[in-house]
Amino acid sequence: MFALAVICGAVLQKLLDGLGVGRHVDRQTMGRLGSSISDFLVAFGVASIPLTIVADYAAPILVMSVFGFAHAALITWWIARRTFHNYWFERGIFTFGYATGVVAMGIALLRVVDPQMKSKTLDDYGLAYLPIAMVEIVVLSTLPLWVAGGAVWQPGLLLTGVAAGLLLVSWKTIGFFPADPVVRRAGESR
């Protein structure tokens, strides 16, 4: 939904610009409206979690949380710092929130570190998510069927292999950003 909202917003802005009234849209007001809506999204997401389910599955949730946190920390502090050309921390912290919760958590963390949205992380995410959504739909609709049929390790190995293959293709075709991860880049504050 978020990706579609970004596209609809861009189309609406182009339509208003084409009609000659786009200059009357106040970006600051629109930004504040979007920020308020993201706050509601986070609050409703957290409020919808049933506490009895959390209590019943506390041990597996704890184990998965430890592994998930380690994975998300690796992405944020090692991979993001080496792959993003600019605003690596803002993009990385959004990815951390998304990987450890939902998009709403990523947005909440991003708003803390980039309240004026200078990094354009959400715009980039909105466009990049369109192809990712198709993969997620396939995985989320077929994975439960595999697990229910008794295949537990096979889907994990398959998905890990696909991820490793995609990283290899990415590295060979466009490479990773070779900059020194300690040096500040364009757009980063001093």
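The values are calculated or read from the model by the stated rules, or taken from the named source; none is laboratory data. In this text, all values refer to a predicted model and were calculated from it rather than measured experimentally. Note that we place each Cβ from the backbone using ideal geometry, even for glycine, and neighbour counts take in every protein chain shown.
Assorted remarks:
- S65 at pLDDT 80 or above and exposed (fewer than 11 other Cβ atoms within 10 Å of the Cβ): no
- Residue match in segment 121-130 (condition: in contact with a helix residue (DSSP H, G or I) (Cβ under 9 Å, 6 or more places away or on another chain), assigned to a helix (DSSP H, G or I), without any contact (Cβ under 8 Å) to a residue 12 or more places away in the chain and on the phi < 0 side of the Ramachandran plot): yes
Here's the yes/no breakdown for (1) touching an Asp or Glu at 6+ places or on another chain (Cβ under 9 Å); (2) of a type in the set (D, E); (3) at pLDDT below 85:
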{"site": "T83", "(1), (2), (3)": "no, no, yes"}
{"site": "N86", "(1), (2), (3)": "yes, no, yes"}
{"site": "I93", "(1), (2), (3)": "yes, no, no"}
{"site": "M105", "(1), (2), (3)": "no, no, yes"}
{"site": "L110", "(1), (2), (3)": "yes, no, no"}
{"site": "G126", "(1), (2), (3)": "no, no, yes"}
{"site": "V139", "(1), (2), (3)": "no, no, no"}
{"site": "Q154", "(1), (2), (3)": "no, no, no"}
{"site": "T173", "(1), (2), (3)": "no, no, yes"}
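- K118 satisfies every condition listed in (1) of a type outside the set (V, I, T); (2) at pLDDT 85 or above; (3) assigned to a helix (DSSP H, G or I) except (3).
- Residue within segment 75-93 that is of a type in the set (S, T, N, Q) and assigned to a helix (DSSP H, G or I) present: yes
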